[in-house]
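Reading through the structure tokens given below for one structure.
We did not get these values from a lab; they are worked out from the coordinates using the rules stated. What you see is a predicted model, and the numbers here were worked out from it, not measured in a lab. Virtual Cβ from ideal backbone geometry, glycine too; neighbours counted across all protein chains shown.
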């Protein structure tokens, strides 16, 4: 029977050193150094995946609506996103969150329907809604 080989995203479970006591700290640090060497690449690929999965949502149309992002490679899409989509705050999403709370089921923020809204603990500005997609709802069961 083949042994389970750890994937890139899970740290080694062994804690080995020459003294028999083990060195878990070194194993975790070594694992983290290995997986973080490609962090920039992973982030670029993840951004590309998220943007392509949510192509055409109302929120992104304002900045990306005139571009065919489905045909762009990850580096070009990252560059475009960084140059045209501003950093957003909760206030930027509030009108969309309110529409979702009011029953709008269209692709406002994501292509996947947002079926659950829950209140956060709030801030000095008041209580905020946090949106959750169906996948998160299933994960939290």
Does residue 45 satisfy the criteria of being surrounded by 12 or more Cβ atoms within 10 Å (Cβ to Cβ) and not in a helix (DSSP H, G or I)? no
Under 6 Å between Cβ atoms, at least 6 apart or on separate chains: pull out the pairs that start in region 73-87 with a residue that is over 16 Å from residue 53 (Cβ atoms) and end on any residue that is surrounded by 12 or more Cβ atoms within 10 Å (Cβ to Cβ). 84/63
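Answer yes if at least one residue in region 115-122 is part of a loop (DSSP other than H, G, I, E, B) and in contact with a strand residue (DSSP E or B) (Cβ under 6 Å, 6 or more places away or on another chain), and no otherwise.
Taking region 115-122 and keeping what is part of a loop (DSSP other than H, G, I, E, B), we get 120-122.
From what is left, the residues that are in contact with a strand residue (DSSP E or B) (Cβ under 6 Å, 6 or more places away or on another chain) are 120.
Yes, some residue in region 115-122 is part of a loop (DSSP other than H, G, I, E, B) and in contact with a strand residue (DSSP E or B) (Cβ under 6 Å, 6 or more places away or on another chain).
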